Every structure is written in C-alpha cells, then in structure tokens.
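K.L.:
What follows is a single structure, and I will ask about it in a moment.
The values are calculated or read from the model by the stated rules, or taken from the named source; none is laboratory data. It should be emphasised that the depicted structure is a prediction, and the values quoted were computed from it without experimental measurement. Virtual Cβ from ideal backbone geometry, glycine too; neighbours counted across all protein chains shown.
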Amino acid sequence: MASSDEALLDGITQLTPALLTTMEAFEQVQRNMLPSRLDQLANFIRPFETELQDLFDRYSELEFPEHIERFGNQLMEACTYSLRACNGITSSQGDTMAAMKAMRAQCRAQEKLYPIATVLRPISQYFLEMPARENTRLLELLNQEQDAGDVGLLHANNARDSRGGFSLYVPEYLDRTAPTSLVIALHGGTGHGADFIWSWMREARTRGFVLMAPTSQDDTWSLMGADIDLPVLLQEIEFIAGQLNIDREHILLTGMSDGGTYTLLAGLREASPFTHLAPFSGVLHPEISMTGNIQHAKDRPIYLVHGTLDWMFPIETAYMAQAELEAAGADLTFRAIEGLSHTYARDENAAILNWFNPALQP
C-alpha cells in the first residue's frame, strides 16, 4: 500500500523521537544492570517498549520513496533492534543471559541508526555527548558532505562472525595536520569490537579523537597461555598510525571485564605504546607480578574503575589491585562506584577523557 506524504511525515516524526527516547532509556537499564534488579528494570523499560511497539506496528507498512528508501530501512531496522533489546529485558524472567543478549541488540540498534545520523538533527544529537547537543558548529561540521571514504565508522576484517579484526571511528571533521589522540577500547569476554565501539562513540564524535575497538583472536583476550592478541594489536596500532597523525603521547588503552584485565596485562610491559590505562571491572592478573611487569606501573597514569556491587569480580579484588599498583608507584586514580554492578559505567567516560587529555573538551 503506497503511503501518502502526510502519513510518511507523520510516521517519521512520531517514530524517531520514540525510538531515541527508548534507546536513551535502555542506557539506564544497561547502567543499572544487576541480576537481582531484572524485574525492576523490566518495569522501568516496559512503557517505552509499549509506546515504540505501538508506533512501529502502526507504521510498519510505510513505503518510503526511492530517494529516502535507505533512510526508511535504517530507521525501521533500528526500531526492530531496539524493541528486541527491550523485549530481552521485559521477557527475561530473571534470565541474565537473555539480558546480556539484549545489550547486544541495543548495539545493533545504534549500528543501524548511525548511517542516517546526519539526515535528522535529533539522531545526530543522540550520537553526541549531552553538553554538545546544541553545538550548532559541531552539528554543521558533522553534516558536511565528505569526499574521503576513510572517515566515520570503518571496519577492518571485523564482521561479527570473525575474530581478530577491528572497528575504527575517524571523526568526519578530523584535522589530519594535527596530532590526534587514540582511544583503544577492549570488549569483555565473548564480546566483539563492532559492539563495544558504541560505548565510546558519542565521546569520539563529540571531542574529535580516533577510536579503535579491536576484537580478540579467540572468544576472549589472552589471559591464559601464550599472548596471541598483543602482537596483532600492536600491528593494528601501527597500521592506523601509518594512515593518521596519531599523538604518541596520548594513546589510551581501556576495557571492560576481561578487556579491563587485559588492559593491565598488555599495558604494563616494557616499551608499551599505551600512555594511559583505564581498566573497568577487571582484575590485576597474577602474571603481572609473577613476571615482574608490575615494575612498569611506576609513574604510569592508571584510572581504575570498579563497582561496589560487582557480582563477577567483587570489589575486594579492586582494593587489592589498588594496593599493589600504589605500592608499585603507579599514578593511580581509583573510582569505586557505589551501587555499580558488573556493567559498563559509560558515564565515567567524560572524567576519563578529561584525565587522559584535558585538551579533548566537548
């Protein structure tokens, strides 16, 4: 059934804000994720899911004209994944694994939405940090037509059915004549760089630094046995540095859970290229002390983040890491976040960036 212009406009103007509101609400679910809170989180997200589902059902048969067909398809697919994310919580019945799958569906929703960020201002604003959402100059820069194909969100051998590649965000307005900070974000166990990159996308897009999200060679990072990840990671960094003007004085390695553990394991080595380390919800791997690599913590800027309600790696492991790193002379900032579970504290990103490179202002 062909849709009238009026119905099409009505669909876009109603679906878009409902989708963005639902996705923002889901971030609160993610931030407060704890197995014992699943019922409470389900009750919180259900009204957003219901409204979006009603609108999606009403407009699911919209036919978009050829000149905006791509926009329409991306919008509807983003709605589909957002609804899948919500349903993973509202139908989880306390199933933690179902909730984790819901987090991945939220990443897919962002992935579908990003290619049309410059079509509608509210979508572009969603992918910016809150203080910058009314920055007209920044929005104009992001909206400029790009000649180069090597800006924006890029992937190198990083399809979700593959391991060992990386996803990369190069700001669309990047000044290639000036040295640029690099943030490398490591996913957790069984994760994927194409998903975890969204944990830092807003900040990279707002502040103009290069963001890399690699995928481990196996299901998780090399925490046991031979390290098969670091040689590849170092090669990838050099490849990026060969294409872009990377500031060697500002290379941040950060990660969540196993990615946080590996941040310290890979970062506390002789001749490490990582100038700053920011592990989230990981542990200080015993190998670091056994090999003597703890000595490389001396004067190293480290920003350690852990939740007081972490159910996978209890907060006591973070206190032990704090004590050992401080004894080794690390330039340590320790954030024990009250009430945080084993989930990514994205609202800590801004503080980390201000610590990492104060010149990166939103």
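K.L.:
If you go through the range 173-202, how many residues are under 20 Å from A241 (Cβ atoms) and not aromatic (F, W, Y)?
P.N.:
15
K.L.:
Still on this structure, please answer the following. List pairs: first residue in the range 127-138 and part of a loop (DSSP other than H, G, I, E, B), second residue crowded, with 18+ Cβ neighbours inside 10 Å and aliphatic (A, V, I, L, M) anywhere in the structure, Cβ distance under 6 angstrom, at least six positions apart or on different chains.
P.N.:
Between residues of the range 127-138 that are part of a loop (DSSP other than H, G, I, E, B) and residues that are crowded, with 18+ Cβ neighbours inside 10 Å and aliphatic (A, V, I, L, M), the close pairs are F127/A117.
K.L.:
Quick one: in the range 348-362, of everything that is in a helix (DSSP H, G or I) and in contact with a Phe, Trp or Tyr (Cβ under 7 Å, 6 or more places away or on another chain), which residue is farthest from A185 (Cα to Cα)?
P.N.:
Restricting attention to the range 348-362, the residues satisfying the condition of being in a helix (DSSP H, G or I) are 348-356.
Cutting the leftovers down to in contact with a Phe, Trp or Tyr (Cβ under 7 Å, 6 or more places away or on another chain) gives us 349, 352, 355.
Details: N349: 11, I352: 13, W355: 16 Å.
By that ranking, first place goes to W355.
K.L.:
May I ask you to verify whether T190 is outside any helix (DSSP H, G or I), in contact with a Ser or Thr (Cβ under 8 Å, 6 or more places away or on another chain) and surrounded by fewer than 18 Cβ atoms within 10 Å (Cβ to Cβ)? Working first, answer last.
P.N.:
Details: outside any helix (DSSP H, G or I): yes; in contact with a Ser or Thr (Cβ under 8 Å, 6 or more places away or on another chain): yes; surrounded by fewer than 18 Cβ atoms within 10 Å (Cβ to Cβ): yes.
The answer is yes for T190.
K.L.:
Looking at (1) of a type in the set (A, V, I, L, M, F, W, C); (2) over 19 Å from the mean Cα position of the chain (by Cα); (3) surrounded by 17 or more Cβ atoms within 10 Å (Cβ to Cβ); (4) closer than 25 Å to L340 by Cα, find the lone condition where C107 falls short.
P.N.:
(2)
K.L.:
Let me ask another. Please determine, by comparing only the residues of the range 176-187 that are under 18 Å from A359 (Cα atoms) and small (G, A, S), which one is surrounded by the fewest Cβ atoms within 10 Å (Cβ to Cβ).
P.N.:
Out of the qualifying residues, it is A178.
K.L.:
Being assigned by TED's automatic domain parsing to the domain that holds Y262, without any contact (Cβ under 8 Å) to a residue 60 or more places away in the chain, touching a Gly at 6+ places or on another chain (Cβ under 9 Å) and not small (G, A, S): is that true of I337 here?
P.N.:
On the way: assigned by TED's automatic domain parsing to the domain that holds Y262: yes; without any contact (Cβ under 8 Å) to a residue 60 or more places away in the chain: yes; touching a Gly at 6+ places or on another chain (Cβ under 9 Å): yes; not small (G, A, S): yes.
In short, yes.
K.L.:
For the range 226-329, give me every one of the helices (runs of 4 or more DSSP H) that falls completely inside it and has 2 or more residues that are in contact with a Leu (Cβ under 7 Å, 6 or more places away or on another chain) and surrounded by fewer than 20 Cβ atoms within 10 Å (Cβ to Cβ).
P.N.:
Hits in the range 226-329: 315-327.
K.L.:
Condition (residue is crowded, with 21+ Cβ neighbours inside 10 Å and in contact (Cβ under 8 Å) with a residue 60 or more places away in the chain) applied to the range 37-49: is it met by at least one residue?
P.N.:
No.
Okay, residues lined up against (1) in a helix (DSSP H, G or I); (2) hydrophobic (A, V, I, L, M, F, W, C); (3) not assigned by TED's automatic domain parsing to the domain that holds T343:
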position: I45; (1), (2), (3): yes, yes, yes
position: L52; (1), (2), (3): yes, yes, yes
position: L62; (1), (2), (3): no, yes, yes
position: I68; (1), (2), (3): yes, yes, yes
position: M76; (1), (2), (3): yes, yes, yes
position: T80; (1), (2), (3): yes, no, yes
position: A98; (1), (2), (3): yes, yes, yes
